[in-house]
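Contents: one structure, followed by commentary.
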Amino acid sequence: MTNQRVLAILAVSLALPACGAGLGKGAAAPAPDSARAAAAHRNPFLDVNFFLNPEYVENVEATAKAFPSDAEAIRKVKQYPSGLWLDTIAHVEFIPKWLNEARKQQQASGKPTLSLFVVYNMPNRDCAAKSSAGELRLDQNGATRYRNEYIERIVTLLKAYPELPIVTIVEPDSLPNLATNMNLPSCKEAHDAYIELTAYAIQRLASLPNVSIYLDAAHAGWLGWNDNREKAVKVFKKVLKLAGGVDMIRGFATNTSNYTHLYNRDGMAMEPTDPCYNELIYVKKLAVMLSDHGIRDKGFIIDTGRNGKGGIRKVWGHWCNIKGAGFGERPRAAPEPFVDAYFWVKPPGESDGTSDPTQPRFDAECASNESREGAPQAGVWFQNYFLDLVRNAVPPL
């Protein structure tokens, strides 16, 4: 594909403005209304403040007190937002606490305050890994519980805050697994549920006019190859058709919880046949392929919480608490013409998974020679790793 072709599609399809069978009982997929269609073509990160989670700030402050020689740099992290993960049914009940605080921050500043939630509790979650396996199982009524106890509860709670701008990233890793890991029995078993339940989540969240939806699209080291990306786009298209159309979502999120560098030749030496050797090239090529399949005018979120230093892995597929990682670009809106935001989606400092093989949910990836030792369970604060991120930050804190 020529450079002119890429630029033409980016200019027309990605330039940002100034600014139902299978879906479940009684939940037919509606055509998006005019408000939803307008939201699908608007960058929600523009002209807002970002919600600062007091719990994350407390973890940062505790680390600053534990390492006084690094305290000045550590405390700078408190000014940056991170994602709010709804990774269990129980964690859904944190929504009012977070959004009540967001409302206070909005009232204090007089400016809209945006919160970013990660919807991450698919039954048979992350079918190709163990450390991020979830609480719901398909063979234990997981699909019904996902709809009724998880998605419907999220929608009910978010509905109480119509004045707050909200972004949701839907189910990291799930659909990309359907593109590349169908050789695994666990992913083959999950296929239909992933399709139908992702569509259900999108359709229900799209009923809230203040909520912008992004669908997870993995990262360059996973879907960077042309055939992988083609398979993924076909999966996305199928899900969006089931959900009610391409205007049900604002766009796609990439590099969630990962380390792929924005600009450098991250991975090129390891995977010389990969045409997407950094995350920005991947997003550009993904945008072109999406457009070719009728999924146009979409923006992207790139997780830059831990990708400040490129080339830190000898095996590009390693993903768990990678040694040498550092904070990357700071969260901000519209850093590139086709990118809605850089954002720290994975809260930097939270573990990817335990390195202790005797613990539940242990994944051998978290004990690789490229993973940091002494890691706790996924989602638990990993103080020494957070300190590494501070010291390795590019640009420096």
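The values are calculated or read from the model by the stated rules, or taken from the named source; none is laboratory data. If you're wondering where the values come from, they're calculated on a predicted model, not measured in any experiment. Glycine also receives a Cβ, built like all others from the backbone with ideal geometry; neighbour counts cover every protein chain displayed.
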Odd one out for Pro275 among (1) within 20 Å of Lys231 (Cβ to Cβ); (2) at pLDDT 95 or above; (3) not in a helix (DSSP H, G or I): (2)
Criterion (within 29 Å of Gln107 (Cβ to Cβ), surrounded by 15 or more Cβ atoms within 10 Å (Cβ to Cβ) and touching a strand residue (DSSP E or B) at 6+ places or on another chain (Cβ under 9 Å)) met by exactly one of Pro172, Pro176, Pro165: Pro165
Hits in segment 47-65 - residues which are in a loop (DSSP other than H, G, I, E, B) and more than 19 Å from the chain's Cα centre (by Cα): Asp47, Val48
Matching residues in segment 309-321 - criterion: being within 18 Å of the chain's Cα centre (by Cα) and buried (at least 22 other Cβ atoms within 10 Å of the Cβ): Trp319, Cys320, Asn321
Filtered residue count, segment 118-134, keeping only those that are more than 13 Å from Leu197 (Cβ to Cβ) and at pLDDT 95 or above: 1
Positions within segment 337-351 being modelled with pLDDT of 95 or more, under 24 Å from Tyr263 (Cα atoms) and either in contact with a helix residue (DSSP H, G or I) (Cβ under 8 Å, 6 or more places away or on another chain) or acidic (Asp, Glu) (or both), in sequence order: Val339, Asp340, Pro347, Pro348, Gly349
Test set (1) more than 23 Å from Lys78 (Cβ to Cβ); (2) touching a Leu at 6+ places or on another chain (Cβ under 8 Å); (3) among the charged types (D, E, K, R); (4) surrounded by fewer than 21 Cβ atoms within 10 Å (Cβ to Cβ) - Asp340 fails condition number: (4)
Cβ-Cβ under 9 Å pairs, at least 6 apart or on other chains, segment 71-83 side under 22 Å from Ile301 (Cβ atoms), far side of a type in the set (D, E, K, R): Lys78/Glu61; Gln79/Arg330; Tyr80/Arg330; Ser82/Lys346; Ser82/Glu350; Gly83/Asp303; Gly83/Lys346
Lone unmet requirement of (1) crowded, with 18+ Cβ neighbours inside 10 Å; (2) out of contact with any strand residue (DSSP E or B) (no Cβ under 8 Å at 6 or more places or on another chain); (3) in a loop (DSSP other than H, G, I, E, B); (4) not acidic (Asp, Glu) for Val77: (3)
Matching residues, segment 307-340, being at positive phi and among the aliphatic types (A, V, I, L, M): Ala334
Search result, residues across segment 140-162 that are over 15 Å from Thr88 (Cβ atoms), hydroxyl-bearing (Ser, Thr, Tyr) and buried (at least 17 other Cβ atoms within 10 Å of the Cβ): Tyr161
Number of the exception - Ala333 against (1) closer than 29 Å to Lys298 by Cα; (2) in contact with an Asp or Glu (Cβ under 8 Å, 6 or more places away or on another chain); (3) surrounded by 24 or more Cβ atoms within 10 Å (Cβ to Cβ); (4) at pLDDT 95 or above: (3)
Condition met for Ala364 (at pLDDT below 95, hydrophobic (A, V, I, L, M, F, W, C), surrounded by 16 or more Cβ atoms within 10 Å (Cβ to Cβ) and within 22 Å of Gly134 (Cα to Cα)): no
Residues of segment 240-272 classified as within 25 Å of Gly353 (Cβ to Cβ) and modelled with pLDDT of 80 or more, total: 11
Unmet requirement for Asp33, which otherwise passes all of (1) touching a Lys or Arg at 6+ places or on another chain (Cβ under 9 Å); (2) at pLDDT below 95; (3) surrounded by 12 or more Cβ atoms within 10 Å (Cβ to Cβ); (4) among the charged types (D, E, K, R): (1)
Filter result for Tyr259 (buried (at least 18 other Cβ atoms within 10 Å of the Cβ), hydroxyl-bearing (Ser, Thr, Tyr), within 21 Å of the chain's Cα centre (by Cα) and part of a helix (DSSP H, G or I)): no
